[in-house]
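My structure is below; once you've seen it, I'll send some questions.
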Amino acid sequence: MALSDPPPATTDVTPRFLRALAHETLDRPPIWFMRQAGRSLPEYRELRTRAQDFISFCHDPEMAAEATLQPMRRFPFDAAIVFADILLIPGALGQRVWFETGEGPRLGELPSIESMADQVEASTERLSAIGETLKRVRAALEPERALIGFAGAPWTVATYMIEGRGSDRVRARSLAFTDPEMLDRLIAVLVDATIRYLVMQVRAGAQALQLFESWAELLPEDVFERVVTRPHAAIVQGLRDQGIDVPVIGFPRGAGALVENYAAAAGVQGVGLDVQAPAALGQRLQKTVTIQGALDPLLLRAGGEALDRRVDQLLQQWGGGPYIFNLGHGVMPDTPVDHIGRVVHRVTGL
Ligand code: CP3
């Protein structure tokens, strides 16, 4: 470049994903998929055979970084999500966690709240491998692609801790009526451990955070407020108190009509919407927060014309406001890989 040339126009390298979370409406929405890493990819299934078990995989920064990056090599996603699991926190607090092949998670006896409260500080240490994964991924990822850290939200994590497995959550939901103080104390410990874990993730390179509240459904309004909205607000406030200013996406899956109260009170910058979310609801939310979602993973798996039409409809109904294209839940393991590429192409043109 000659000295007399004008300085180059400053190119905005802020990742598209973060610009959307800053409440910008863009020429096209950023896109990533929940569970974009994992069993839908043959290269993940191959990598997975080299780990003893899923939890060890999550605690191995080399393998976890590789799993995080696999979908980024295949598709022009705008964000990577660190490969880990929401059930690492219970493990770090002293509850035994393992995965039964083909059946999902299993958890041992729930330790006393006191013993878990005593281990909150140590729990973050025990999760330091996830920080190492984030560092490696951030170093390998192009600057225009963002890196997302995450944790399970306290209520959802508590349901697994109480039930000992994936379930209808009747025991956990009953506890809200039979022993609300016990549930509050468990959630308070999880809020504390989650704040520390997320602070660690941001210091290691996470540029945005997502709280997965996978089981926000079937809660009466006052219970929802107590176990979902308030703990989320406490986590966001806890992050801000420690000088962490990255955007937070809350995903209260199944919240239904309560998502509006949630968006107004949780303090999050982004709200994940599930497959049911009506167009008009999303549009109302977009006035104050960035919305994310809500393509049905079953439609992604099914593919065809109906998939193309729904992608176009989502772009049309929400693309005029701050929007992150995503699914309404995670990618199903048996989703044909070319269906993923087809949607990414339709949204990005890439
Ligand atoms: O790509 C990504 O989204 C990042 C990684 C990620 C995983 N789990 C990897 C995973 C994330 C963000 C999660 C979140 C998670 N984990 C949630 C919240 C989102 C949701 O799906 O509702 C929940 C409820 C869990 C708990 C969990 N982990 C279950 C119920 C299962 C078993 C179900 C199954 O599909 O087998 C897991 C295991 C798990 N987590 C796998 C992966 C890739 C499969 C394990 C394997 O490969 O053997």
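The values are calculated or read from the model by the stated rules, or taken from the named source; none is laboratory data. What you are looking at is a predicted structure, and each value in this text was computed from that prediction instead of being measured. Cβ coordinates were reconstructed from backbone atoms using ideal geometry, including for glycine residues, and neighbour counts include every protein chain displayed. Keep in mind that these areas ignore ligands, DNA and RNA; they rest on the heavy atoms of the full protein, side chains included. Shrake-Rupley method; radii C 1.70, N 1.55, O 1.52, S 1.80 Å.
On a 0 to 90 degree scale, rounded to 10, what angle separates helix 305-318 from the longest Cα axis of the chain?
In the chain, helix 305-318 runs at an angle near 90 degrees to the longest axis.
Using Cα-Cα distances under 8 Å and only pairs 6 or more residues apart, what relative contact order does region 19-348 have, in percent?
Numbers: 590 pairs, mean separation 72.0, N = 330.
Reported relative contact order: 22 percent.
Whenever you get a sec, compute what percent of the accessible area on the chain sits on carbon and sulfur atoms (1.4 Å probe).
Values: 7600 of 14940 Å².
Of the solvent-accessible surface of the chain, carbon and sulfur hold 51 percent.
Towards the positive end of the charge dipole of region 19-348, with charges on Cβ (+1 Lys, Arg; -1 Asp, Glu), say which of 41, 99, 252 has the farthest Cα.
Looking along the dipole axis, the top candidate is 41.
Would you be so kind as to identify which of 347, 198, 155 lies farthest towards the positive end of the dipole of region 19-348, taking Lys and Arg as +1 and Asp and Glu as -1 on Cβ and the Cα centre as origin?
So the residue we want is 347.
Any idea how far the Cα center of region 332-350 sits from the one of region 36-113, in Å?
22
Take each of the peptides 41-50, 28-37, 233-242, average the number of other beta-carbon atoms within 10 Å over its residues, and list them starting from the highest. Can you show the working numbers first?
Values: 41-50: 13.7, 28-37: 23.0, 233-242: 17.0.
Those peptides, ordered most packed to least, come out 28-37, 233-242, 41-50.
Also: Spin-label point model (7 Å from Cα, Cβ direction): what's the residue 99 to residue 52 distance in nm?
For the pair residue 99/residue 52, the computed spacing is 1.6 nm.
Next question. So how do 326-337, 202-213, 275-286 stack up, highest first, on mean other-Cβ count within 10 Å?
Sorting 326-337, 202-213, 275-286 by mean packing, highest first, produces 202-213, 326-337, 275-286.
With the other protein chains left in place, how much accessible area per residue, in square angstrom, belongs to region 19-348 at a 1.4 angstrom probe? Mind dumping the intermediate values first?
Values: 13190 Å² over 330 residues.
Per-residue accessible area for region 19-348 comes out at 40 Å².
Is the chain rounded, prolate or oblate when judged by the Cα gyration tensor, a ≥ b ≥ c being the square roots of its eigenvalues, rounded requiring a/c under 1.5 and prolate requiring a/b larger than b/c? Intermediate values should be presented prior to the final figure.
Numbers: a/c = 1.44, a/b = 1.33, b/c = 1.08.
Taking the square roots of the gyration eigenvalues as a ≥ b ≥ c, the chain is rounded.
Would you mind calculating the gained length between residue 241 and residue 117 on full extension (0.36 nm times residue separation, minus the Cα-Cα distance), in nm to one decimal?
That pair, residue 241 and residue 117, stretches by 42.6 nm at full extension.
Given the rule -39500 (n - 2.57) for each run of at least 4 DSSP H residues, summed and divided by the residues of the chain, what is its mean residue ellipticity at 222 nm, to the nearest 500 deg cm²/dmol?
On the way: 18 runs with 168 residues, N = 350.
Theoretical 222 nm ellipticity from helices: -13500 deg cm²/dmol.
For the chain, what is the charge dipole size about the Cα centre, in debye to the nearest 20, if Lys and Arg each add +1 at the Cβ and Asp and Glu each add -1 at the Cβ? Intermediate values should be presented prior to the final figure.
Numbers: 35 positive and 43 negative charges, 113 e Å.
With only Lys, Arg, Asp and Glu charged at Cβ, the dipole is about 540 debye.
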